[in-house]
Amino acid sequence: MLKQIGRFTIVLKQRKEVLLLIIKTRTIPAELELLRYLKGRKKVSEKIENKIITLEKGYIGETMFDQRMEALSLECLIIDDLLLETNDTHYQIDSILTAQRKIHIFEVKNFEGDYVVNGDCWHSLSSGKEIKNPLLQLSRCESLFRQLLHQLGSNLIVEGHLVFMNPEFYLYQVPPNLPIIFPSQLTRFIGSLNAQPSRMTERHQVLAKKLLSLHIKKSPFSIVPEYNFDGLERGILCSVCWSGFMESESQYKLVCRKCGGAEDIETAVIRSTKELNQLFPNMRITTKTVFDWCKTVKDKRTIRRILANNYNYVSLGKHSYYEFKE
Ligand SMILES: [Zn+2]
């Protein structure tokens with residue numbers, strides 16, 4: 001069952017008669033989408049390339065975590081990917097699980113390779129470089145979130161967990177009392193949650209909705225380089241490899257020059273129009289702009305037909321444009 005609360009789609013999963021899971025589902029981070037577009041259409045710095053790799057990897061880890069959490073069978077509320085601000089500080093929580101007496105917050109990492117812990121310092125064994133201590137990041141989030149709950153009048157206990165998802169990750173010299181869940185421990189952890197009695201009340205739901213309403217959409221952490229319309233290569237970017245452009249294979253089908261990924265023209269044009277809107281939110285969607293942007297489609301009438309079928313037309317004479325359907 002899908003339910004709309006503000007701009008969030010809530011998935012209500014009712015299993016047997018005891019379980020109610022409310023989820024704000026995870027979507028591809030907006031920053032990752034923007035950077036993928038820019039990298040496909042212009043030369044970007046090595047810093048941006050590395051950022052894309054980090055974001056892609058992080059997103060894969062979080063998706064793996066979500067899949068594993070589907071084994072939960074206790075009555076609880078789950079909110080994924082929440083960006084909050086408490087005491088003028090922004091922080092992101094990968095996943096929040098509200099049970100009857102406790103709120104679990106999860107920081108999910110997709111690290112790969114060997115690392116070593118030395119007090120508060122974490123090092124990669126292969127490069128020898130020190131990395132940001134993820135436990136400090138977790139405890140900072142935990143503390144801010146606890147303050148937020150207090151401000152919201154909730155007395156639920158907050159428990160933070162640092163979860164590693166990659167089976168190719170190993171951490172040396174780690175004391176056993178740290179709030180870490182390794183890949184081989186996740187099933188047991190989920191089992192221990194499932195074993196606890198938990199009932200969701202109106203109060204839990206009100207709190208979850210309040211937290212959703214506090215979500216900040218635009219991340220202050222994003223590092224998107226400057227760009228403008230003329231500085232970007234036009235064409236329909238492939239949604240499989242994000243580095244090749246699509247070419248017409250037949251009247252209705254496009255194929256990527258680079259990876260061979262195929263897509264029908266209508267889906268590709270709608271996708272590219274959404275991309276144009278994400279890159280240039282203030283630009284009006286017109287047949288001319290989309291025709292110019294997509295380049296690959298040689299017939300303007302095809303673009304007009306696709307836009308007319310999928311968007312609302314706002315008639316303003318020569319200033320007419322299309323609007324996304326709500
Ligand atoms: Zn491709």
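The values are calculated or read from the model by the stated rules, or taken from the named source; none is laboratory data. Predicted, not measured: the structure shown is a model, and the values here were computed from it. Here the Cβ positions follow ideal geometry from the backbone for every residue, glycine too, while neighbour counts run over all protein chains shown. Calculation scope for accessible area: heavy atoms of the full protein, side chains included, ligands and nucleic acids excluded. Shrake-Rupley method; radii C 1.70, N 1.55, O 1.52, S 1.80 Å.
Per residue, the solvent-accessible area of the chain (1.4 Å probe, heavy atoms of protein chains only, all protein chains present) comes to 55 Å².
For the stretch 66-120, the list of GluC sites (Glu not before Pro) that fall in a loop by DSSP and count at most 11 other C-beta atoms within 10 angstrom reads E70. Full extension of the chain between K288 and S139 gives 48.5 nm of extra length, using 0.36 nm per residue less the Cα-Cα distance.
The share of accessible area on the chain that comes from carbon and sulfur is 51 percent, using a 1.4 angstrom probe.
When the helices of the chain are scored as -39500 (n - 2.57) per DSSP H run of n ≥ 4 and the total is divided over every residue, the value at 222 nm lands at -10500 deg cm²/dmol. Each residue, K298 and A71, gets one label point 7 Å from its Cα in the Cβ direction; the gap between the two is 5.5 nm. Label-to-label distance, N310 versus L125, with points set 7 angstrom from Cα along the beta-carbon direction: 4.9 nm. Phi-derived couplings, Karplus 6.51 cos²θ - 1.76 cosθ + 1.60 at θ = phi - 60°, listed residue by residue for the stretch 112-118: 10, x, 9, 10, 10, 9, 10 Hz, with x used for Gly and Pro. Working from label points 7 Å from Cα in the Cα-to-Cβ sense, the D88 to C241 distance is 4.9 nm. Heavy-atom accessible area with a 1.4 Å probe sorts R36, R41, R68, largest first, into R68, R36, R41. The alpha carbon radius of gyration of the stretch 2-213, expressed as a multiple of 2.2 N^0.38 Å, is 1.07. Between D230 and E202, the contour length at 0.36 nm per residue exceeds the Cα-Cα span by 4.9 nm. Legend note: in the chain, cysteines whose Cβ sits 4.7 Å or more from every other cysteine Cβ are C76, C121, C141, C294.
For K57, a cut-off of 26 angstrom between C-alpha atoms picks up these lysines, skipping any fewer than 8 places away in its own chain: K24, K39, K42, K43, K47, K109, K129, K132, K217, K218, K258, K274. The residue list T296, I285, S248 was ranked by how far each Cα lies along the charge dipole of the stretch 239-298 toward its positive end, using unit charges on Cβ atoms, and I285 comes out on top.
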